[in-house]
Every structure is written in structure tokens, then in C-alpha cells.
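The values are calculated or read from the model by the stated rules, or taken from the named source; none is laboratory data. Being a predicted model, the structure only gives us computed values, none of them experimental. Counting neighbours? That spans all protein chains shown, and the Cβs are built from the backbone with ideal geometry, glycine included.
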Amino acid sequence: MRIVLVGGGGREHALARAMARHGHALYFTHDNPGFVELGERADDDPLLAARQVAAELVVVGPEAPLAAGLVDRLEAERFLAFGPSAAAARLESSKIFTKSLAARHGLPTAEARVLRRGDGLLIDRPWVVKLDGLAAGKGVWVPDTVEETRAALDEVFAARPDAAVLLEERLEGPELSVLGIADGTRVVPLIPARDHKRRHDGDRGPNTGGMGAVAPVSVPDDTLAECHDVLRRAVRGMKADGVPFRGVLYGGFMLTSTGPRLLEFNVRFGDPECQPLVTLLAEDPVPWFLGAARGELPGDQLRFSASHACCVVVAGHDYPARGASAPITQLPADADDLVVYHAGTSVRDGVLWATGGRVLGVTGLGPTPEAARARAYAGVSEVRFEGASWRGDIGA
Ligand code: AMP
Ligand code: GLY
């Protein structure tokens, strides 16, 4: 099948590899050195690329084009596209929209209120502060004190005086990412994954797009069933509200002592959660993407291999403040149990450079979580570029 893939990060490299393995002809709108052996470069503009290659399917990786209505534009030209409409993408692009969906359809989530500058709310306890709108994983503050809460609000309103901010009750517990593929009516969940969002070991430092991810995560059956139920109710609720959701629905949950609570929805594969998930996929994902686009999923369950996967992100030293800029002098070789996904690299004069914030996603596979983790870190130890830096506790 002729497929245009939109996006050029580690997530898209993983998606490209998973699709190319099943013989699909891939066309890319972005450059990624990992794409070179998997397909061909097409126009930067996804619409032009789709016309150029007479695409049978367009797969959209990142959230920004979804929120900007790319799928609506493709569908207006009768292309099949995997991803939600702009209206449905509000599940990610507006946290306030999601809170109101949660309230209307009984999804368990944290208590919250909306705040704008000058509302005069007395901040007398610490609140989690969330910016309404896309923020690439960087629009959330989790203050420990009232003073830090006030400082976060001052920072937000100084930069964005018109912003709407969500103040949310702070929850405690391990996090879990449960993603599903939805066709507007039904959602089929993938195996559960876990991201590590903070920059430094021990979950310290600023929030990032994600420093590593593992799958599957072992959680009690009833907990997982509750998370699946949230995805199902969200898809049913969106349909009932006249905004059917097609694409990847990603629920970010906190597993509290009183059950899972929804922290956020994303409307696409997580990056880096996608890397372990699709590396473990034991079947062609394309019928699922196509089924979602058409409004009819091909089954009730996706098949995954029985292994475990661990993806460790190798970033530049100053990520998330600044990207890397250094030649990569050594990489581990891909093997049956190791894949190096390119996230922020480019080729300059024939030399591979680290040129992004998150540079590589080194993904190890193994029969146990420990074996997958050990394989990933053995791979990471072979990566050489100046300033290469990673967390040592992914999956620990
Ligand atoms: P979000 O983008 O909403 O998932 O938030 C990013 C990260 O902030 C999450 O992965 C959590 O680690 C943290 N976070 C978000 N909401 C809360 C909350 N209500 N309580 C505690 N931590 C939170
Ligand atoms: N890794 C979190 C995200 O993709 O939003």
C-alpha cells in the first residue's frame, strides 16, 4: 500500500519501520536519516505529497498538524487519513475541553478549575498548573508549595497574558500510558506502557517530551480494565457529542490508591512510548490504521510478541533547554534485540550529526523487563557524541 507518513521524529521512525517490514511503500514529508532505507522522500506538504504519490493512506504522527486540521483537509480531498479531525484533536489541544468531556461522561480525573489572569483566586494550597493548549509536554508545573504555585502562575501569565490555565488537584502514584486505536465507535487497546517524563534520574528535573519508555507494564487486571473503560467511555462520549474520534487515543493515567485517574489525553502515539510499543507489535499495523480511518477496525485485539521492550532516549546535554550539535562518531549496530531509532539527527556532508533535543531512542528487547533494559543500556553505552546524556533508570 502507498502510505504517506507525516512527522520526522523517533516515533515516526518506529512507525516507518513497523510498516516497511510488511512491504508497504512509504513516502515521507520530513527528513530523518532512519527513513532513508525505508522509503522515499516526498513533498514537505502532506497534501501535495498525498496527491503526488496517489496515497492510499496518510499516517499522521505528531499532534500539531492534527490540531491544525490536516486530517480534515486530507479527507476533503478524499484521502484516507489515520488521525483525528481538528475537532476531535481538542482532546489533546485543550485540557479544558477534556475536563468537560470527563465531567459529562463520568471519567475519573483530578478535581480542577479554570483560571485566567486577574480572576483574583486566592492560592492557598499547591496546585498543579496546566496551560490550556499544545505545549509539547512542557506546559505543566507540579509545584510543592503555595509559593511555587504562585511563581508558576506568574511565569505563565507574564509570557501569555491571555492564557487559560487549569489548576488541578495534585495526585500521587505511578503513571501508566494506555493507548488504543479508535474508529469513531470502538477502541482496541494496546499493551500498557510507561514513559519517564522528568529529565533526570529519580524523576527529578523539568518535564520533557519523555526520556524513555517501557512496555508492557505489569499492572493488576482490574486496574487495566478501568483504564480501558476510560478509553471506551471517551470514544462513546465523543461519538454521542457528535465529534467521533478516529486515530490513537492515548490516556495518561495516575494509579492512585483509590484507582486510576486520567491526567490527560493525547490524540496520537506517544513519543517515546510508540518505540517500545510498535517494536513489540507482532502484526502489520496498517490494516488497523486503515480500519480506523475508514471507521471500522479489523478486529478486537492487536497481537504483540511476548517480549519486553525498553527505549532509552539519548539526548543532548542541555535538553530540554537546548538541542545538541555534534557529530555522532559511534552507534551500536541494529540487531534482532536492538533498534536505534533516530529522533534528532541529520546528515551533514555525509556525516551523521546529533542535531535535536532528543537525539536517539535506543530500544532493547528481551524476554523479561530486566533483560530488555540491560540490552537497551548495553546499546546506549556504544553511542558516542559530545554531550550525549541519558537517564540511567528507565524501566528500573
Ligand atoms: P500531562 O501533560 O497532563 O500528562 O502532565 C505532565 C506530567 O505532569 C504528568 O505525566 C505527571 O507526571 C504530572 N502531572 C500532571 N497532572 C498531575 C496531577 N494532577 N498530579 C500530579 N502530577 C501531575
Ligand atoms: N511521551 C509523552 C508524549 O508523547 O506526550
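Please pick out the residue among 291, 270 that is at pLDDT 95 or above, of a type in the set (Gly, Ala, Ser) and closer than 19 Å to residue 17 by Cα.
Result of the check over 291, 270: 270.
For the range 199-226, enumerate the residues that are out of contact with any Pro (no Cβ under 7 Å at 6 or more places or on another chain) and either at pLDDT 95 or above or buried (at least 16 other Cβ atoms within 10 Å of the Cβ) (or both).
200, 201, 202, 207, 209, 211, 218, 220, 221, 222, 225, listed by residue number.
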Open item on the list: Looking at the range 164-185 only, could you name the residues that are surrounded by 21 or more Cβ atoms within 10 Å (Cβ to Cβ), assigned to a strand (DSSP E or B) and either small (Gly, Ala, Ser) or within 15 Å of ligand 2 (Cβ to nearest atom) (or both)?
Closed with: 176, 177, 178, 179, 180, 182
Open item on the list: Being within 16 Å of ligand 2 (Cβ to nearest atom), under 27 Å from residue 391 (Cβ atoms) and out of contact with any strand residue (DSSP E or B) (no Cβ under 9 Å at 6 or more places or on another chain) is the requirement here; does residue 195 meet it?
Closed with: no
Open item on the list: If I filter the range 255-308 down to residues being of a type in the set (S, T, N, Q) and out of contact with any helix residue (DSSP H, G or I) (no Cβ under 9 Å at 6 or more places or on another chain), which single residue comes out as surrounded by the most Cβ atoms within 10 Å (Cβ to Cβ)?
Closed with: 256
Task: Residue list for the range 75-91, filter: part of a loop (DSSP other than H, G, I, E, B) and within 23 Å of residue 240 (Cβ to Cβ) - done: 83, 84, 85, 86, 87, 88, 89
- [ ] Please list, ordered by first then second residue, the pairs with beta carbon atoms under 8 Å, 6 or more apart or interchain, first in the range 172-186 and at positive phi and within 16 Å of ligand 1 (Cβ to nearest atom), second assigned to a strand (DSSP E or B) and of a type in the set (S, T, N, Q).
- [x] 173/256
Open item on the list: Taking the conditions exactly as written (touching a Phe, Trp or Tyr at 6+ places or on another chain (Cβ under 6 Å), more than 10 Å from ligand 1 (Cβ to nearest atom) and not β-branched (Val, Ile, Thr)), does residue 152 satisfy them or not?
Closed with: yes
Task: strands (runs of 3 or more DSSP E) within the range 206-299 that include 3 or more residues at negative phi, touching a residue at least 12 places away in the same chain (Cβ under 8 Å) and more than 16 Å from ligand 2 (Cβ to nearest atom) - done: 246-256
Open item on the list: among the small types (Gly, Ala, Ser) and more than 21 Å from residue 61 (Cα to Cα): which single residue out of 259, 251, 295 fits that description?
Closed with: 259
- [ ] Tell me, please, whether a residue that is hydroxyl-bearing (Ser, Thr, Tyr) and either within 14 Å of the chain's Cα centre (by Cα) or within 26 Å of residue 309 (Cβ to Cβ) (or both) can be found in the range 178-192.
- [x] no
- [ ] Can you give me the number of residues within the range 82-138 that are touching a helix residue (DSSP H, G or I) at 6+ places or on another chain (Cβ under 8 Å), within 10 Å of ligand 1 (Cβ to nearest atom) and of a type in the set (D, E, K, R)?
- [x] 2
Task: Matching entry among 195, 271, 203 (being among the acidic types (Asp, Glu) and more than 12 Å from ligand 1 (Cβ to nearest atom)) - done: 271
TODO: Tell me which residues, restricted to the range 39-74, are in a helix (DSSP H, G or I) and hydrophobic (A, V, I, L, M, F, W, C).
DONE: 47, 48, 49, 50, 53, 64, 66, 67, 70, 71, 74
Open item on the list: Can you find a residue that is part of a strand (DSSP E or B) and either under 22 Å from the mean Cα position of the chain (by Cα) or over 14 Å from residue 252 (Cβ atoms) (or both) anywhere in the range 142-163?
Closed with: no
